[in-house]
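Structure, as structure tokens:
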There are 2 protein chains.
Amino acid sequence: MGYTIGEIAETTGLSIHTLRYYEKEGIMPSVKRNNSGIRIYEKTDLEVLQFIRCLKETGMPVIDIKKFVNLLVQGDHTIENRIDLLQKQKENVQSQVNQLMSYIQMLDGKVQLYKTILANKNE
Amino acid sequence: MGYTIGEIAETTGLSIHTLRYYEKEGIMPSVKRNNSGIRIYEKTDLEVLQFIRCLKETGMPVIDIKKFVNLLVQGDHTIENRIDLLQKQKENVQSQVNQLMSYIQMLDGKVQLYKTILANKNE
DNA sequence: GTAGTACCTTGAGTTAACTCTAGATCAAGC
DNA sequence: GCTTGATCTAGAGTTAACTCAAGGTACTAC
């Protein structure tokens, strides 16, 4: 069978508006419709959506996600290209992680400093 | 002495526009001026800016950074409050890191899958 | 003292990514 | 067959965080 847009909104946490927007903008491949034009989402659509969320949350801009989805739609001969994109994204995320870890250090340093100030005040 | 807004823009990588915007919006404490109204940044302003960048890049929204800067401006009796905020932010960042690491797994899984497909094609 | 560059303010414009509105069609239960 | 709630499209509106423009003042070097 398939799912309606409302069900997909429910399970992904994306709004109905956002789902239609994603499709209109080519951020996700277009979804099958029934005879009266209502979207019927398949399991594969859900999987693609989940992967798109991964790309989004790792900071890939919508315009690049579009490029990836375009490759996806074009079929198997774009796989090497897709591997390239994903590997670059992986490196991106890795350096984000490193950056964030150094910010954790920074936050921690500040907290320690503040605690020292407090300790000296209460002497 | 002190630095002009242009020099600060140069060293922080923020634009002059952004620096003035940050001050207008209370995202950073207001900077001293000379007799003709020109901003003279001190070393401490630079340090605050660098810390603000840390908060921003770890995803703290401008409105919350404002709150933190407000506490900063109010002096030492807000230190406990600041510790709270920073510790919460640290936890935030830690869960961001965890999330990102799971996304790295996901990206990697996809790459592996694609590579397998390629390998099977070339058999 | 003037040319050229950096700085000032106020307020409007931009960009990305949604988010909502209006007006119409569709589907399910009574 | 009628009501109620979900879905449709096209296009306008929103939000956060800048970014720029216009019109004016200040500083530096000749």
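Which residues, taken from segment A:4-24, are within 11 Å of DNA strand D (Cβ to nearest atom) and assigned to a loop (DSSP other than H, G, I, E, B)?
Scanning segment A:4-24 gives A:Thr4, A:Ser15.
Restricting segment B:10-44 to residues that are of a type in the set (Asp, Glu) and without any contact (Cβ under 8 Å) to a residue 40 or more places away in the chain, which is farthest from B:Lys66 (Cα to Cα)? Spell out how you get there, then give the answer.
The initial filter retains those residues of segment B:10-44 that are of a type in the set (Asp, Glu), namely B:10, B:23, B:25, B:42.
From the residues that got through so far, the ones that are without any contact (Cβ under 8 Å) to a residue 40 or more places away in the chain too are B:10, B:23.
Numbers: B:Glu10: 23, B:Glu23: 10 Å.
This residue is B:Glu10.
When you go through (1) at the interface with another protein chain (Cβ under 10 Å from one of its Cβ atoms); (2) part of a helix (DSSP H, G or I) one by one for B:Asp45, which number turns out not to apply?
(1)
For segment B:75-123, which residues satisfy the criterion of being more than 7 Å from chain A (Cβ to nearest Cβ) and among the hydroxyl-bearing types (Ser, Thr, Tyr)?
Across segment B:75-123, the qualifying residues are B:Thr78, B:Ser95, B:Ser102, B:Thr116.
Take the residues in segment B:11-54 that are under 25 Å from A:Gly109 (Cβ atoms) and basic (Lys, Arg), then tell me which one is surrounded by the fewest Cβ atoms within 10 Å (Cβ to Cβ).
That would be B:Lys43.
Taking the criterion of being near DNA strand C (Cβ under 9 Å from one of its atoms), under 17 Å from the mean Cα position of the chain (by Cα) and of a type in the set (Lys, Arg), would at least one residue in segment A:21-28 satisfy it?
At the first step, the residues of segment A:21-28 found to be near DNA strand C (Cβ under 9 Å from one of its atoms) are A:21-22, A:24-25, A:27.
Imposing the further condition that a residue be under 17 Å from the mean Cα position of the chain (by Cα) reduces the set to A:21-22, A:25, A:27.
Now drop any that are not of a type in the set (Lys, Arg), which leaves none.
No, segment A:21-28 has no match at all.
Restricting attention to segment A:109-123, report how many residues are modelled with pLDDT of 95 or more and open to solvent by less than 50 Å² (accessible area, probe 1.4 Å).
3
Residue by residue through segment B:81-108, note down the ones that are in contact (Cβ under 8 Å) with a residue 24 or more places away in the chain and crowded, with 18+ Cβ neighbours inside 10 Å. Step through it out loud before you land on a result.
First pass over segment B:81-108, keeping only residues in contact (Cβ under 8 Å) with a residue 24 or more places away in the chain: B:89, B:92-93, B:96.
Once the filter is applied, which keeps residues that are in contact (Cβ under 8 Å) with a residue 24 or more places away in the chain and crowded, with 18+ Cβ neighbours inside 10 Å, segment B:81-108 yields B:Gln89, B:Val93, B:Gln96.
Only one of (1) open to solvent by 60 Å² or more (accessible area, probe 1.4 Å); (2) away from chain A (no Cβ under 11 Å) is not met by B:Asp64, so which one is it?
With (1) open to solvent by 60 Å² or more (accessible area, probe 1.4 Å); (2) away from chain A (no Cβ under 11 Å) applied to B:Asp64, the lone miss is (1).
The values are calculated or read from the model by the stated rules, or taken from the named source; none is laboratory data. Fair warning: this is a prediction, and the values are worked out from it, not measured in the lab. Quick reminder, even Gly has a Cβ in these numbers, built from the backbone with ideal geometry, and neighbours come from all protein chains shown. To get the accessible areas, we keep the full protein, side chains included, count just its heavy atoms, and leave off ligands, DNA and RNA. Shrake-Rupley method; radii C 1.70, N 1.55, O 1.52, S 1.80 Å.
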